Amino acid sequence: MKIKAILTGATGMVGEGVLYECLQHPDVEEVLVLTRKSCGYKHPKLKELIHADFYNISTVQEQLKGYNACFFCLGVSSVGMKEDEFKQKTYALTMHVATTLSQQNPEMVFCYISGAGTDSTEKGKTMWARIKGKTENDLMKLPFKRVYNFRPGIISPTKGLKNTLSFYKWLGWLLPAIRLIMPNFISSLKQLGLAMINASRIGYDKQILEVKDIKELEKRS
């Protein structure tokens, strides 16, 4: 299956990495980056739709038709945020965009970047994990062809990309040791991007993908 994808979060580390893999992949024929500001990339496969308000995309919904995949890589850190603010920026925003896309593209495969430790019960003590869990659960209720929730842990960055978080720059020397000691808690950004592409192309038997699933799916063709 040839992929025509909508991608969010392209100005962040994960979104840029997934976009990079999409632009190299022969089965991805078009990527529409939905963004608040230009991602800075130029490529024959790439289109940009710059829109300021992600809480209301109704004014651009007609431009979102005709796509069969979404790679939702937009997200914020919960550090320093109160629960209501994090829920608004994580749950409310994601659900608005996803609901609109499901109405425009019922045959779409929706891939959501969540995180290791997400709480599917929505009842745990960790605020961000509960909200991510609710987001995952409610995404799976939308009328998409399929929803996949990706839960990466530590992500080793792709060399040469401009939005690598400074945290990973100074952690770089430790990554080989972490990979050896905790192989199921670390994956590369390349593996994550390819796994998302493969989920859209050929599917997977789980809707929640932990690190070991990401690595397994990345290998499939």
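Derivation of every value follows stated rules applied to the coordinates shown; laboratory data play no part. Nothing here was measured: the structure is a model prediction, and the numbers come from that model. All Cβ positions, glycine included, derive from the backbone under ideal geometry; neighbour counts span all protein chains shown.
Trypsin sites (Lys or Arg not before Pro), restricted to the range 22-103: which are DSSP loop and have at most 14 other Cβ atoms within 10 Å?
Arg36, Lys37, Lys42, Lys65, Lys82
What distance in nm lies between label points placed 7 Å from Cα along the C-beta direction at Ser77 and Lys37?
According to this spin-label approximation, the distance is 1.8 nm.
Return, ordered by residue number, the residues of the range 1-22 whose backbone nitrogen is under 14 Å from a label point located 7 Å along Cα→Cβ of Glu107.
Inside the label zone: 1-5.
Taking a point 7 angstrom from the Cα of Thr99 along the C-beta vector, which residues in the range 58-90 have backbone N less than 17 Å away?
Those under the cut-off are 58-62, 87-90.
For every other residue with a beta carbon closer than 13 angstrom to the beta carbon of Lys145, add +1 if it is Lys or Arg and -1 if Asp or Glu, then tell me the sum.
Residues near Lys145 contribute +1 overall.
Taking the chain as a Gaussian network, Cα atoms linked when under 10 Å apart, which of His43, His25, His96 shows the biggest mean-square fluctuation?
Largest GNM mean-square fluctuation: His43.
Taking the range 9-98, which chymotrypsin sites (Phe, Trp or Tyr not before Pro) meet the DSSP loop condition and have no more than 14 other C-beta atoms within 10 Å?
Working: sites: Tyr20, Tyr41, Phe54, Tyr55, Tyr67, Phe71, Phe72, Phe86, Tyr91; in loops: Tyr41, Phe54, Tyr55, Tyr67.
Within the range 9-98, the qualifying chymotrypsin sites (Phe, Trp or Tyr not before Pro) (loop, at most 14 other Cβ atoms within 10 Å) are Tyr55.
Using a Förster distance of 35 angstrom, determine the FRET efficiency expected from the C-beta separation of Arg146 and Thr59, and round it to 0.05.
So the FRET efficiency works out to roughly 0.80.
Within 10 Å of each candidate Cβ there may be at most 11 other Cβ atoms; applying that plus a DSSP loop requirement, which trypsin sites (Lys or Arg not before Pro) in the range 100-189 survive?
Qualifying residues, ordered by number: Lys123, Lys125, Lys141, Lys159, Lys162.
For Tyr148, what residues show an amide H to amide H distance below 5 Å, using hydrogens built from the backbone and excluding near sequence neighbours?
For Tyr148, the qualifying residues are Phe110, Cys111, Tyr112.
How much net charge surrounds Ala5 when only other residues with a Cβ under 12 Å from its Cβ are counted (Lys, Arg +1; Asp, Glu -1)?
+1
Given labels modelled 7 Å from the Cα in the Cβ direction, how far is it in nm from Leu174 to Ser221?
3.7
Identify, among Gly40, Tyr20, Tyr67, the residue whose Cα sits farthest towards the positive end of the charge dipole of the range 1-100, taking +1 on the Cβ of Lys and Arg and -1 on the Cβ of Asp and Glu, with the dipole about the Cα centre.
Result: Gly40.
For the chain, modelled as a GNM with alpha-carbon contacts under 10 angstrom, which of Cys39, Cys70, Cys22 fluctuates the most?
Judging by the Gaussian network model, the answer is Cys39.
Lysines near Lys162 by alpha-carbon distance under 25 Å, same-chain residues fewer than 8 away left out - which ones?
Lys4, Lys37, Lys42, Lys45, Lys47, Lys89, Lys190, Lys215
With θ taken as phi - 60° and the coefficients 6.51, -1.76 and 1.60, list the Karplus ³J(HN,Hα) couplings across the range 86-96 in order, rounded to whole Hz; mark glycine and proline as x.
Whole-Hz 3J(HN,Hα) from phi for the range 86-96: 5, 5, 5, 7, 9, 6, 4, 5, 4, 5, 5.
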